[in-house]
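The values are calculated or read from the model by the stated rules, or taken from the named source; none is laboratory data. This one's a predicted model, so the numbers in the text were calculated from it and none came from an experiment. Here the Cβ positions follow ideal geometry from the backbone for every residue, glycine too, while neighbour counts run over all protein chains shown. Please note that ligands, DNA and RNA were not included when accessible areas were found on the heavy atoms of the full protein model with its side chains. Shrake-Rupley method; radii C 1.70, N 1.55, O 1.52, S 1.80 Å.
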Amino acid sequence: MEQLHKYKQFKGQPRLPKFAVPKRYDIKLKPDLITCKFTGTVDISVDIVANTKFIVLNAAELAVDRNSVRFNTRNGSKVFEVLEVELFEEDEILVAEFPESLPIGLGVLSIALEGILNDKMKGFYKSTYEHKGEKKNMAVTQFEPADARRCFPCWDEPACKATFKITLEVPSELVALSNMPVIEEKVDGNLKTVYFQESPIMSTYLVAVAVGLFDYVENHTSDGVKVRVYCQVGKANQGKFALDVAVKTLDLYKECFCNISCDAFYNYLKSCRYFAVPYSLPKLDMIAIPDFAAGAMENYGLVTYRETALLYDDKHSAAVNKQWVAIVVAHELAHQWFGNLVTMDWWTHLWLNEGFATWVSYLATDNLFPEWKIWTQFLDESTAGLHLDGLAESHPIEVGINHASEIDEIFDAISYTKGAAVIRMLQSYLGPECFQRALASYIKKYACSNAKTEDLWAVLEEESGEPVNKLMNSWTKQKGYPVVSVKVKDQKLVFEQSQFLLSGSHGDGQWIVPITLCCGSYDARQNFLLQSKSETLDVKDFLGCSIFKGSIMETGKGGKNNENSECSWIKLNVDQTGFYRVKYDMDLTGRLRYAIESKCLSATDRFGILDDSFALSMACQQSLASLLTLMGAYREELDYTVLYNLISISSKVARIAADAVPELLADIKRIFIGLFQYSVEKLGWDPKQGESHLDAMLRGELLTALAEFGHDVTQNEAIRRFHAFLDDRNTPLLPPDLRKAAYGAVMKNVCRSNKSGFESLLRVYRETDLSQEKTRILSSLASCPDPDIILEVLNFLLSSEVRSQDAVFGLAVSWEGHETAWQWLKDNWDHISKTWGSGFLIARFISATVSPFSSYKKANEVEEFFASRTKPSIARTLKQSIEKVHINAKWVQSIQNEKLLPEVVKELAYRK
Ligand code: BES
Ligand code: ZN
């Protein structure tokens, strides 16, 4: 009691007290891979800056040897033995109390500790692999956001930067890696001590070690940074693609961030003597870890990855896997600057790390692989941000964090994709050159230090002379985004903004919206800032306004009959660089539909019109009939990203229709099958020699969709090819890009009386040692319509055959399997919560199982079930998932009230 009282001042605080500042950590760790325990010592040089008898730092799940804790003044003149040491698990802090005040100035705090190599994929943990048929453990770290404290006591906050000198004692046959290069190894019998060079100043969440048996491939950047890709023994060849991307990306980041204009950044690097080499560490290692919760982690100099995000197999990886490897590598390497060199000041500014790394990774990927049209594909990302941010339960980009347990949940589409999208929006508003110059000076100004969002705005404001802070605050400090309605009235264009919510209600947010518009041609452009609720633009001022004459303005109705109609369209948010939606009036919508059919619009704009229309329909601001009519304009679509979205919208519509208007479902599916005929006939089943990356990806997506919608011909052909694959895993009939489609078709045809397809897939799963193949199979299994099989699949996910990192892939359950999945989640919640409850993957169990429901009754049931089971790490996801169920329920009702829908569906399904 007395203890609690004495230390009360330190408990329940979101941040550590700052009377001691860490400068340097000397860490020695000895992991035991057999007993899965570790021991260690840490000597932390600290600067005592205020009179105190206490040192308070973070620690969790560690046993601290009380007798080891002491404080030495720098010159060694005095040793302070500790009076009391207490670890408060709930606050994750260690309080060391000394008998008298510690002298202001430098000293060293020493602590000896013991811990467990856990199986939760965080802190210092064990991962397993097979070597020569034998099961082995490796020891690795994952410290972001706040788990370094589970390995050694530390000031575990991003702003508490220090240098790290790491020493590992490990079995002598193993490879030991850390952030910095090895300076010395001393072998002593079966053990060796590995000494690593001291790191530059960095945050605790970026410290890393990995100990195990690994192979590697190696290369150098043009200025001599040694780059290696480590992986399981025997898989080194699979590291070559990532290695190549890494070397090129580092060279690119060194030189510039994009090929438009990079002088500013380049000059900065040349002039900045402190970083004589652009990448500031002497080496970069990247390593594939078989058990890994996230996709990858940007630890300074030792980037860790899931196998699927780093390894690429020539024979069995698909184009989409290749693209993912490139994006992830580019993302993590971007962090070496955005995040590692300049670090967010606190988790509230996480988006400065993640939004920027995401945005930069697209710049880099676009540079290396222009044929991938990755900026168009970015729209698929940003639509995920728009969807999440269309919920009332969303959060602002800059979000308050009061406890470590709240951090995990903000690694979401808001921080990543909304973050990246608002950066893109700002860049497009300020212009790439100005933006780049500002970034260069931002990095220079905050290198080796920390920054807040407003620090970035200040630099951009100075460089551009624009009111960046005011403009951007409306995007980062409030949640949500606007829908801008546009209509033609009295020779004028009237713009109105209101907050877009998928629930259909109107929020009261207001934004400063950089509006761009084109009228009739991409040469007739206009930009302005929409600063108030509504604004009117005089068409007379509009460039090339003559195209209005005789069309929109004069006929009022517009449409196909008008002479000028083919160019009389208006598209807002040109190229979709803005993070907002647009709602056109009926007339303008008709014109856009015609412009799409006449192939007047760019792929990005076609994407935007479709995506906005879908969102408006879901929010019951537009009928499903008009969405379906618009979708009909995409029959000759060939762009990968647009079709990808068309497919994903089709399958969402089919799902909601199954709940709302089951009697129309068959015809709705028929419409969708019809929509994809044109493109699928162009692509065929067999890859063409030298065909593009995008065509290879598109073929797989289209065939998967056709099989999903029950297209017999596609299903039969897919199954035929699957049988050929079972006979020969290298058959040209089923290259990796087609496998997802085939697996989906196979599972569609599995039922309790004929499980052979399922069994064959499990056999392929068990045989392959390629992680991408395993996840491909897992993501197809639950597409089976038979609830009995679904249950078998779900139980399989909990078995020891599926790594806990991968179980979430199997949760993509068919419409028919939903009730089963929910029952299964309830039945297994204790186990699921125990296994995944301490990480962020648990949230996926909830969102995948709950959000597809579409009735208020179900929403209540979910709420009731979780009433006694919620906790901080799932609270946000749970609320968001329940909100989605409400949105679906409302959508169902609105669809059921659409009088014209049956007629429109018939007409679209049977039109020639
Ligand atoms: N810093 C993150 C890793 C991370 C995520 C740590 C969540 C802690 C919690 C890393 O840079 C990252 O963003 N990884 C992404 C991949 C990226 C390409 C979007 C991931 O893990 O999905
Ligand atoms: Zn990241």
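Quick one: compute a quarter of the convex hull surface over the Cα atoms of the range 623-749 and quote it in nm². It would help to have the intermediate numbers written out before the result.
Details: hull surface 31.0 nm².
Mean projected area for the range 623-749: 7.8 nm², to one decimal.
Under the rule a/c < 1.5 gives rounded, and otherwise a/b versus b/c splits prolate from oblate, where does the range 311-380 land using the Cα gyration tensor? Before the final figure, lay out each step's value.
Numbers: a/c = 2.56, a/b = 1.91, b/c = 1.34.
Since a/c reaches 1.5 and a/b is larger than b/c, the shape of the range 311-380 is classed as prolate.
With a Cα-only, solvent-free Debye model of the range 592-640, what are the log10 I(q)/I(0) values at q = 0.24, 0.27 Å⁻¹?
Debye output, listed in q order: -0.86, -1.03.
Between beta-carbons, use under 11 Å as the cut-off and find the net charge around Cys620, counting Lys and Arg +1, Asp and Glu -1.
Numbers: positive: Lys890; negative: Glu898.
With Lys, Arg at +1 and Asp, Glu at -1, the net is 0.
For the range 1-78, state what percent of all Cα-Cα pairs lands in each successive 10 Å bin, counting from 0 Å until the bin that includes the largest distance.
13, 40, 33, 12, 1
Out of residues 5 or more away from Arg24 or on other chains, whose amide H comes under 5 Å of its own, with H placed 1.01 Å from N in the peptide plane?
The answer is Ser45, Thr163.
Counting Lys and Arg as +1 and Asp and Glu as -1, what is the net charge of the other residues whose Cβ lies under 15 Å from the Cβ of Ser855? Working shown, then result.
On the way: positive: Arg655, Lys857, Lys858, Lys884, Lys890; negative: Asp659, Glu819, Glu861, Glu863, Glu864, Glu883.
That works out to -1.
Can you give me the solvent accessible area of Glu89 with a 1.4 Å probe, rounded to the nearest 10 Å²?
In the full protein context, Glu89 sits at about 90 Å².
Once you've got the Cα coordinates, tell me which of Lys489/Lys899; Lys18/Lys254; Lys53/Lys165; Lys11/Lys871 are over 24 Å apart. Mind dumping the intermediate values first?
Values: Lys489/Lys899 29 Å; Lys18/Lys254 36 Å; Lys53/Lys165 27 Å; Lys11/Lys871 20 Å.
Exceeds cut-off: Lys489/Lys899; Lys18/Lys254; Lys53/Lys165.
Spelling out what I want: for every residue of the range 381-394, take phi, set θ = phi - 60°, compute 6.51 cos²θ - 1.76 cosθ + 1.60 (Karplus), and round to whole Hz; glycine and proline get x.
5, 5, 5, 5, x, 5, 5, 5, 7, x, 9, 5, 8, 6
If the only charges are +1 at each Lys and Arg Cβ and -1 at each Asp and Glu Cβ, what is the size of the charge dipole of the range 1-212 around the Cα centre, to the nearest 20 debye?
Values: 27 positive and 30 negative charges, 65 e Å.
For the range 1-212, the charge dipole is close to 320 debye.
With every protein chain present, what accessible area does Tyr856 have (1.4 Å probe, heavy atoms only), rounded to the nearest 10 Å²?
Approximately 90 Å² of Tyr856 is accessible to the 1.4 Å probe.
So how long is each side of the chain along the principal axes, counting just the alpha-carbon atoms, biggest first, in Å?
94, 68, 58
Based on DSSP H runs of at least 4 residues, each adding -39500 (n - 2.57), what is the mean residue ellipticity at 222 nm of the chain after dividing by all its residues, to the nearest 500 deg cm²/dmol?
Numbers: 28 runs with 363 residues, N = 912.
Result for the chain: -12500 deg cm²/dmol, rounded to the nearest 500.
So, taking all protein chains as they sit and a 1.4 Å probe, how much accessible area belongs to Cys448, in Å² rounded to tens?
40 Å²
Considering only Ser873, Trp359, Leu761, whose Cα is most displaced toward the positive end of the charge dipole of the chain, charges sitting on Cβ of Lys, Arg (+1) and Asp, Glu (-1)?
It is Trp359.
What is the magnitude of the charge dipole of the chain about its Cα centre, with +1 placed on the Cβ of each Lys and Arg, -1 on the Cβ of each Asp and Glu, and no other charges, expressed in debye to the nearest 20? Walk me through the numbers on the way to the answer.
On the way: 101 positive and 118 negative charges, 70 e Å.
Its charge dipole is roughly 340 debye.
By the gyration tensor of its Cα atoms, with a ≥ b ≥ c the square roots of the eigenvalues, what is the shape of the range 1-212: rounded for a/c under 1.5, prolate for a/b over b/c, or oblate?
Values: a/c = 2.04, a/b = 1.63, b/c = 1.25.
Prolate shape, in that a/c is at least 1.5 and a/b is the bigger ratio.
Kindly sort His316, His395 by accessible area of their heavy atoms, largest first, with the probe set to 1.4 Å.
Values: His316 45, His395 5 Å².
Largest accessible area first, the list is His316, His395.
According to the square roots a ≥ b ≥ c of the eigenvalues of the Cα gyration tensor, what is the shape class of the range 341-465, taking rounded for a/c under 1.5, prolate for a/b larger than b/c otherwise, and oblate for the remainder? Walk me through the numbers on the way to the answer.
Working: a/c = 1.71, a/b = 1.07, b/c = 1.59.
Verdict is oblate for the range 341-465.
For a quick check: with amide H placed at 1.01 Å from N, whose amide H comes under 5 Å from Val69's, ignoring anything fewer than 5 positions away on the same chain?
Those qualifying (amide H under 5 Å, at least 5 residues apart or on another chain) are Ala112.
Specify the angular offset, from 0 to 90 degrees and rounded to the nearest 10, of the alpha carbon long axis of helix 432-446 from the longest principal axis of the alpha carbons in the chain.
20 degrees
For the chain, what's the relative contact order in percent, using C-alpha pairs closer than 8 Å and at least 6 residues apart? It would help to have the intermediate numbers written out before the result.
Details: 1758 pairs, mean separation 71.6, N = 912.
Value for the chain: 8 percent.
Using the alpha-carbon centroid of each, what span in Å lies between the range 167-190 and the range 344-361?
The distance from the Cα centre of the range 167-190 to that of the range 344-361 comes to 33 Å.
On a C-alpha basis, how far is the centre of the range 81-100 from the centre of the range 816-861 in Å? Whole number, if you could?
40 Å
To the nearest 10 degrees, how steeply does helix 603-618 sit against the main Cα axis of the chain, on a 0 to 90 scale?
The helix 603-618 is inclined about 90 degrees to the chain.
Relative to the longest principal axis of the chain, what angle (0 to 90°, nearest 10) does the C-alpha long axis of helix 787-797 take?
Computed tilt is about 30 degrees.
If you count only protein heavy atoms with a 1.4 Å probe, what accessible area per residue comes out for the chain, rounded to a whole Å²?
Heavy-atom accessible area per residue stands at 38 Å².
Once each part is reduced to its C-alpha centroid, what is the distance from the range 371-404 to the range 872-905 in angstrom?
The range 371-404 and the range 872-905 have Cα centres separated by 20 Å.
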